[in-house]
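Rule-based calculations on the coordinates, nothing more; no lab input. Model, not experiment: these values are computed from the prediction. So basically every Cβ, Gly included, is an ideal-geometry build from the backbone, and we count neighbours across all protein chains shown.
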Amino acid sequence: MRFILALMLVTPLASAWQPADSPPLGGPKVREEPARPTIITRNFDGSVKPPEGTAEEAVLDLLGLGSMGASPEDHEAAERVRVILAKRGKVLEDFVFDNVALLTKLDTAGNTGDKADQLALLAEAFRKLAPLREGGPLSSQIRAALPRGKAEQFDAILREYWEAVIADRMSRAKPEGGFPSRLEAIAAARLESLGREIERSFYRLLMSGEFIYRVATRGLTLTPEQSRRLRAVIEEHYRVTGGNDDEAANRRLFAKSIAVLDDDQKPRFIRNLRELGSPKKAAPAPTPPSPDDVEGAGGG
């Protein structure tokens, strides 16, 4: 609707502006400026659509540092950035794995609208995410890794995106009335961006099998070969099942996993699987065996 109204206003103005000596249907000759690179896209209601990953990653994709035609300098910068993003990803995955209960409480508090509980839980999460803030904001770390020209482009595109997001949020009324201040808009946008990163880390852990691997091997000391084989078994399971809860596939996964372990490792492994409990439905895991299964598992 907003787009239609804008179009209704612009069309008569454009017609009135047409010079008298212009051809009847030709319109004025206007020199077209090349489109500026941008990561801003909008939803049907005109709101700014967040990118799939972080805004910083979206800008990097646009700059094409690691593309075929990139310079050696850009390829070197792409590798530096890859290290930065990998480190951040590891911090987020560790946070998710260690704080599933906290994240569940946050989700519950958000659904019930308990603001006091939300603030307390967010403060706890903020404290536990301290490693994420080491080295400064992600944008600053990436900027420092880029050649000067690319750093300037990165800043300009990123700044334009955040200004659009903030303006969008400030134009939308709050449920309780009034409009967000600039500070409120910035805080909400940044918090939602971090929330999407955390959610993405959780699903990456889940769908790669890494979440199940970490839970199942908690308290176990595996050899590098055992670790490699067990990861491969779990990754294959998730690749084949797509994360769907398949009882037969889960039992095959258990049989293959237990065969990797020594006899003294198996009881702890099985106990870890049993402790998964309800998450099993959300994240299919090797089915904990019956006593008969354990006895028949044999040697490593």
query = So which of Lys49/Lys150; Lys105/Lys256; Lys49/Lys87; Lys49/Lys105 end up more than 30 Å apart, counting from Cα to Cα?
reply = Lys105/Lys256
task = Compute the Kirkwood hydrodynamic radius of the stretch 58-189, taking the inverse of the mean of 1/r over all pairs of distinct Cα atoms, and give it in Å to one decimal.
result = 17.5
query = FRET efficiency for Glu163 and Thr104, Cβ-Cβ distance as r, R0 = 35 Å, nearest 0.05?
reply = 0.50
task = Give me the number: length gained by fully extending Tyr203 to Glu152, i.e. 0.36 nm times residue separation minus the C-alpha to C-alpha distance, one decimal in nm.
result = 15.0 nm
message = Could you order the peptides 153-160, 121-128 from most to least packed, using the average number of other C-beta atoms within 10 Å per residue?
response = 153-160, 121-128
ask   = If you take the beta carbon distance between Arg127 and Glu225 as r and set R0 to 30 Å, what does 1/(1 + (r/R0)^6) give as a FRET efficiency, to the nearest 0.05?
value = 0.20
request  = Figure the gain on full extension for Glu176 and Glu236 (residue separation times 0.36 nm, minus the Cα-Cα span) and round it to one decimal in nm.
outcome  = 16.7 nm
ask   = Which whole-number percent is the relative contact order of the stretch 39-159 (Cα, under 8 Å, 6+ apart)?
value = 30
Ascending count of other beta-carbon atoms within 10 Å, so fewest first, for Phe44, Phe254 = Phe44, Phe254
